[in-house]
1. Conditions first: (1) of a type outside the set (S, T, N, Q); (2) surrounded by fewer than 18 Cβ atoms within 10 Å (Cβ to Cβ); (3) in contact with an Asp or Glu (Cβ under 7 Å, 6 or more places away or on another chain). Residue 57 passes all but one, so which condition is the exception?
2. One residue is enough: does the stretch 66-88 have a residue meeting the conditions modelled with pLDDT of 95 or more and under 24 Å from residue 209 (Cβ atoms)?
3. Considering each of 30, 43, 68 in turn, give the residue that is under 16 Å from residue 120 (Cβ atoms), in contact with a helix residue (DSSP H, G or I) (Cβ under 8 Å, 6 or more places away or on another chain) and of a type in the set (D, E, K, R).
4. Which numbered condition trips up residue 139, out of (1) within 18 Å of residue 170 (Cα to Cα); (2) under 13 Å from the mean Cα position of the chain (by Cα)?
5. Please state which of the following conditions residue 95 fails to meet, knowing it meets all the rest: (1) under 21 Å from residue 199 (Cβ atoms); (2) in a helix (DSSP H, G or I); (3) touching a helix residue (DSSP H, G or I) at 6+ places or on another chain (Cβ under 8 Å).
6. I'm checking my understanding of the structure. Among residues of the stretch 54-91 that are in a strand (DSSP E or B) and in contact (Cβ under 8 Å) with a residue 40 or more places away in the chain, which one is farthest from residue 39 (Cα to Cα)?
7. Quick one: which residue in 181, 216, 168 is in contact with a strand residue (DSSP E or B) (Cβ under 8 Å, 6 or more places away or on another chain) and either closer than 17 Å to residue 125 by Cα or surrounded by 12 or more Cβ atoms within 10 Å (Cβ to Cβ) (or both)?
Amino acid sequence: MVSKRSYEDGCAAAHALDLVGERWALLIVRELVLGPKRFTDLRAGLPGISPNVLTQRLDELEQASVLRRRKLPPPAASWVYELTDWGLELGPILMALGRWGARSPCLPIGSPISIDSLILSFRTMFDGNAAAGLNTSIEIRLGEDWFHADIADGQMVLVRGSADRPDVVVKTDPNTLGALVYGGRPLADAISTGDLAVDGDEAVLSHFVTLFPLPVAEPATWPLG
């Protein structure tokens, strides 16, 4: 796809940036990796984007065959956006980019994070060695968004939807869960303040929040202040 913003460079990486290098484009892809969403859902996950820019980026990504728009069958009968099979291949690329960005000396720890971004970060940072000996199923309820993680033999499958027979059910918000996993907030504090509710084996949850260590940051090449 050639546009006025094209690099007009024969390199395939340059062409990829022509397709998904515009501001917000990859974050829209991020919001769709875990499944289709309505326009309003995308706006909720990307509060900083204007409706006009979101519409423009969705049109561009559809023209590039990265995503498609389809109507759900009744009774929902609403229009959603979803990644094509080719667009889904950007998932591992986003995870690799996340691993790289997590080593930044100025990573904004504690900044707001979308629900899908948080869940993808768990997929990205999961440490199989830290999960050795843990065999469990956890249901994570973040408002109306439910996910479940099945962990066994040092592997984790984390997807959207409820668990069949979870060992523990967690009810919270993404910023609280992010603070527990990445910010060092004590689990007991989140429970005592009512920011998090636990139904089931609390010890499993205590272990779960330790499974996603951030990599060591690169040294800064300039004073950070």
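The values are calculated or read from the model by the stated rules, or taken from the named source; none is laboratory data. Everything quoted here is computed from the prediction, not taken from an experiment. No Cβ is skipped: glycine too gets one built from the backbone with ideal geometry, and neighbour counts run over all protein chains shown.
1. Just one mismatch for residue 57, condition (2).
2. no
3. Values: 43 fails: under 16 Å from residue 120 (Cβ atoms); 68 fails: under 16 Å from residue 120 (Cβ atoms).
Among 30, 43, 68, only 30 is under 16 Å from residue 120 (Cβ atoms), in contact with a helix residue (DSSP H, G or I) (Cβ under 8 Å, 6 or more places away or on another chain) and of a type in the set (D, E, K, R).
4. So the condition that residue 139 fails would be (2).
5. (1)
6. Within the stretch 54-91, the subset in a strand (DSSP E or B) is 67-71, 79-83.
Subset that is in contact (Cβ under 8 Å) with a residue 40 or more places away in the chain: 79-83.
Numbers: 79: 8, 80: 7, 81: 7, 82: 11, 83: 14 Å.
Out of the qualifying residues, it is 83.
7. On the way: 181 fails: in contact with a strand residue (DSSP E or B) (Cβ under 8 Å, 6 or more places away or on another chain); 216 fails: in contact with a strand residue (DSSP E or B) (Cβ under 8 Å, 6 or more places away or on another chain).
Testing whether each residue is in contact with a strand residue (DSSP E or B) (Cβ under 8 Å, 6 or more places away or on another chain) and either closer than 17 Å to residue 125 by Cα or surrounded by 12 or more Cβ atoms within 10 Å (Cβ to Cβ) (or both) leaves just 168.
Conditions tested, residue by residue: (1) within 22 Å of residue 88 (Cα to Cα); (2) of a type in the set (Lys, Arg); (3) in the same structural domain as residue 159 (by TED's automatic domain parsing); (4) surrounded by 14 or more Cβ atoms within 10 Å (Cβ to Cβ).
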{"residue": "18", "(1), (2), (3), (4)": "yes, no, no, yes"}
{"residue": "23", "(1), (2), (3), (4)": "yes, yes, no, no"}
{"residue": "26", "(1), (2), (3), (4)": "yes, no, no, yes"}
{"residue": "29", "(1), (2), (3), (4)": "yes, no, no, yes"}
{"residue": "36", "(1), (2), (3), (4)": "yes, no, no, yes"}
{"residue": "40", "(1), (2), (3), (4)": "yes, no, no, no"}
{"residue": "43", "(1), (2), (3), (4)": "yes, yes, no, yes"}
{"residue": "46", "(1), (2), (3), (4)": "yes, no, no, yes"}
